[in-house]
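Only one structure is covered here, and it is reproduced in the block below.
The values are calculated or read from the model by the stated rules, or taken from the named source; none is laboratory data. Everything numeric in this text was worked out from a predicted model, so none of it was measured. Cβ coordinates were reconstructed from backbone atoms using ideal geometry, including for glycine residues, and neighbour counts include every protein chain displayed.
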Amino acid sequence: MARHQAPEHSGEAITYSRVTPYADDPLIVTSEAVDQESRLDATHSDAGDGMSPPLSWTGPSDVISYALVVEDPDAPSEQPAVHWMMWNIPGSLHELPAGIGGALDVEDALGLNAVVQGRNTRGGYGWFGMAPPPGHGPHRYYFQMFALDRRIEFGPEADLEDLVHVLKAGTLAKGLLIGTFEAPDALTVDAAETP
């Protein structure tokens, strides 16, 4: 009997390419955690402190709420790995601080209790730090921000497909930031530590 092997990379489309906004307004996403070469700071990796990176964005003036989806399409799995889902970010807000934990709500970080963090690929809530397999090469992390004409009436148990259906119906604008991260090669690290 043949064993099923995980694919080298996901073959499925990320959320950004599945959602078409119905307005032409620009939405620009930036982060201090992504350097000039588009590398993500290792602090936010699973091996680092594992806390979420800071994000900032500009968007249209008539936004009711924002939704955020972070995916890694280079993960060795059937679907892109979901590293973060958050929705009902108020339309008046244009940044998320670093270090939002994995609680079901983000009241402590933002002073808001209506923002929802969904389940990531690991089964937890909130940010799941970058964790590509050693030797797998650089992975791309797509920080996808969606400006919406509505609030989303889902609790934290909603999955990505539920969220995508709402995004397809209510997205005014979308923005994208791509950061890369590569797991350190264990042999290189060991060699560097050898006197």
Residue pairs, Cβ under 8 Å, 6 or more apart or interchain, first in segment 32-44 and surrounded by 18 or more Cβ atoms within 10 Å (Cβ to Cβ), second among the small types (G, A, S) and assigned to a strand (DSSP E or B). List them. A33/G179; V34/G179; L40/G179
When both residues are 6+ apart or on different chains and their Cβ atoms are under 8 Å apart, which pairs have a first residue that lies in segment 15-30 and is more than 16 Å from Y142 (Cβ to Cβ), and a second that is in a helix (DSSP H, G or I)? T20/K168
For L96, only one of the following conditions fails: (1) touching a Leu at 6+ places or on another chain (Cβ under 6 Å); (2) buried (at least 24 other Cβ atoms within 10 Å of the Cβ); (3) at pLDDT 95 or above. What is its number? (3)
What residue, of A75, A67, is part of a strand (DSSP E or B), at pLDDT 90 or above and small (G, A, S)? A67
Would you please name the residue that is surrounded by the most Cβ atoms within 10 Å (Cβ to Cβ), looking only at residues in segment 154-179 that are touching a residue at least 40 places away in the same chain (Cβ under 8 Å) and farther than 24 Å from D62 by Cα? G179
On the given criteria, is L27 at pLDDT 95 or above and touching a Lys or Arg at 6+ places or on another chain (Cβ under 8 Å)? yes
For G137, the lone unmet condition from (1) surrounded by 14 or more Cβ atoms within 10 Å (Cβ to Cβ); (2) modelled with pLDDT under 95; (3) within 20 Å of P73 (Cα to Cα) is (1)
Need the failing condition index for E78 against (1) crowded, with 16+ Cβ neighbours inside 10 Å; (2) more than 13 Å from the chain's Cα centre (by Cα), just the number. (1)
Of the conditions (1) assigned to a strand (DSSP E or B); (2) surrounded by fewer than 22 Cβ atoms within 10 Å (Cβ to Cβ), G48 fails just one. Which one is it? (1)
Starting from segment 117-135, take each residue that is without any contact (Cβ under 8 Å) to a residue 24 or more places away in the chain and in a loop (DSSP other than H, G, I, E, B) and list its partners that are crowded, with 22+ Cβ neighbours inside 10 Å and of a type outside the set (V, I, T), counting only C-beta distances under 6 angstrom and pairs at least six apart or across chains. R122/F128
The conditions are (1) surrounded by fewer than 15 Cβ atoms within 10 Å (Cβ to Cβ); (2) under 22 Å from R150 (Cβ atoms), and I64 fails exactly one of them. Which is it? (1)
